[in-house]
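Visitor: Dropping the structure in here first, questions after.
The values are calculated or read from the model by the stated rules, or taken from the named source; none is laboratory data. Not measured: the values here are computed from a predicted model. Heads up, the Cβs are rebuilt from the backbone with ideal geometry, glycines too, and the neighbour counts pull from every protein chain shown. Just so you know, the surface numbers come from the protein's heavy atoms only, side chains and all, with ligands and any DNA or RNA stripped out. Shrake-Rupley method; radii C 1.70, N 1.55, O 1.52, S 1.80 Å.
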Amino acid sequence: MPKLYQRILICAALALNALFLLASCGGTQTYIVQSGDSLPQIALAHQVALSDLIAANQDRYPGLAVDPENPPVGIELVIPTENDAGIGQWFDRIAAASSPPVTPAPDVPAAPNEKINAIVQLILRGINHERAVNNLPILKFDSSLAVVAQTRSNDMIRRAYFSHDDPQRGSVAFQDLIRGQQYEFLFAGENIAEIKNQGLVVPVALTVYSRYGADEIANQFVDGWIHSREHRDNILNPHFAKTGIALGVSVDGTRIVATQIFSD
């Protein structure tokens, strides 16, 4: 894999405490899963965030959080609306859930699209592979933690900082978010990392987001975390059983921030 010749920063924290069949009924949109579908593809087609799609269906189909790439054929998924967004509304949501990393407002991060969803799935796969080879159970994808991770990544893009601490309040940001949605946990942790171009002016085709494929970007984040002691400690923490992962991408594609949240 060619090395990304851009800057990558990583940081960790630990805390204790394509055919689409549509149907609608009563204003609720649903979708019947077809052979070959994956949840990232379905989320993209319906312009919703992957974490919101899983959250809307997790009560009926808890297995979706374990294997988002292989939903059972024939099940009926509820497609969430803006009113179901939950904690994402804390930051006025991101633009449409399936836009490319270009929007009119310079201070609004890009919303998840097919490439971003693919990177998230590859990061999850890489992290779980590392746990498996160390005889640890794989982490279950948790939609609530994914929303917290998305909020964190977007906020670091929006306010141009890179830290576990909120630059205004000084508190640990991911803990504030988890507690704010009354998420129950005894142990929680956070890994963050960023990749960005060094130059002040970068042609669109040469930005880190445009130039590199999903596998290259995902591997850069996974390798960086695995080869850093603090991040590896989070990844291999036997107390952790669930995780949420999300990316934030600057509107010009020159900066990508990854956040992984862990909990017991």
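Visitor: Amide H to amide H under 5 Å from residue 165: which residues, 5+ apart in sequence or cross-chain, H placed 1.01 Å off N in plane?
Guide: When sequence neighbours closer than 5 places are left aside, the close amide H contacts are 173.
Visitor: Still on this structure, I have one more. Order 171, 210, 153, most accessible first, counting only protein heavy atoms with a 1.4 angstrom probe.
Guide: Largest accessible area first, the list is 210, 171, 153.
Visitor: When only the heavy atoms of the protein chains count and the probe is 1.4 Å, how do 186, 247 rank by accessible area, highest first? All intermediate terms of the calculation are to be shown ahead of the outcome.
Guide: Details: 186 105, 247 0 Å².
Accessible-area ranking of 186, 247, largest first: 186, 247.
Visitor: Between residue 75 and residue 181, with labels modelled 7 Å along Cα→Cβ, what's the label distance in nm to one decimal, could you check?
Guide: Each label point is offset 7 Å from its Cα along the Cβ direction, giving 1.9 nm.
Visitor: Between residue 227 and residue 67, what length comes free when the chain is fully extended (0.36 nm per residue of separation minus the Cα-Cα distance, one decimal in nm)?
Guide: 55.0 nm
Visitor: Okay, moving on. Can you list residues whose amide H is under 5 Å from residue 241's amide H, if they're 5+ apart or on another chain and H is modeled 1.01 Å from N?
Guide: Residues meeting the amide H criterion: 263, 264.
Visitor: Compare 116, 226 by solvent-accessible area with a 1.4 Å probe and give them largest first, with all protein chains kept in place.
Guide: 226, 116
Visitor: What's the carbon and sulfur percent of the range 147-219's accessible surface, probe 1.4 angstrom, rounded to a whole number?
Guide: Carbon and sulfur together cover 51 percent of it.
Visitor: Once both labels are modelled 7 Å past Cα along the beta-carbon direction, what's the residue 114-residue 159 spacing in nm?
Guide: Here the answer is 3.5 nm between the modelled labels.
Visitor: Could you work out the local net charge near residue 63, counting Lys and Arg as +1, Asp and Glu as -1, over the other residues with Cβ closer than 15 Å to its Cβ?
Guide: Cβ neighbours under 15 Å give a net charge of -3.
Visitor: Got a sec to turn the phi values of the range 71-79 into Karplus ³J(HN,Hα) couplings, 6.51 cos²θ - 1.76 cosθ + 1.60 with θ = phi - 60°, whole Hz, x for Gly and Pro?
Guide: So the Karplus estimates, Gly and Pro as x, are x, x, 5, x, 6, 9, 9, 7, 8 Hz.
Visitor: Looking only at the range 139-161, which residues have a backbone nitrogen under 20 Å from a spot 7 Å from the Cα of residue 169 in the C-beta direction?
Guide: 144-161
Visitor: If the cut-off is 12 Å between C-alpha atoms, which aspartates and glutamates fall inside it for residue 115, apart from same-chain ones fewer than 8 positions away?
Guide: Within the straight-line cut-off, residue 115 pairs with 215, 216.
Visitor: Take residue 28 and residue 136, extend 7 Å from each Cα along the Cα→Cβ direction, and tell me the distance between the two endpoints in nm.
Guide: 3.8 nm
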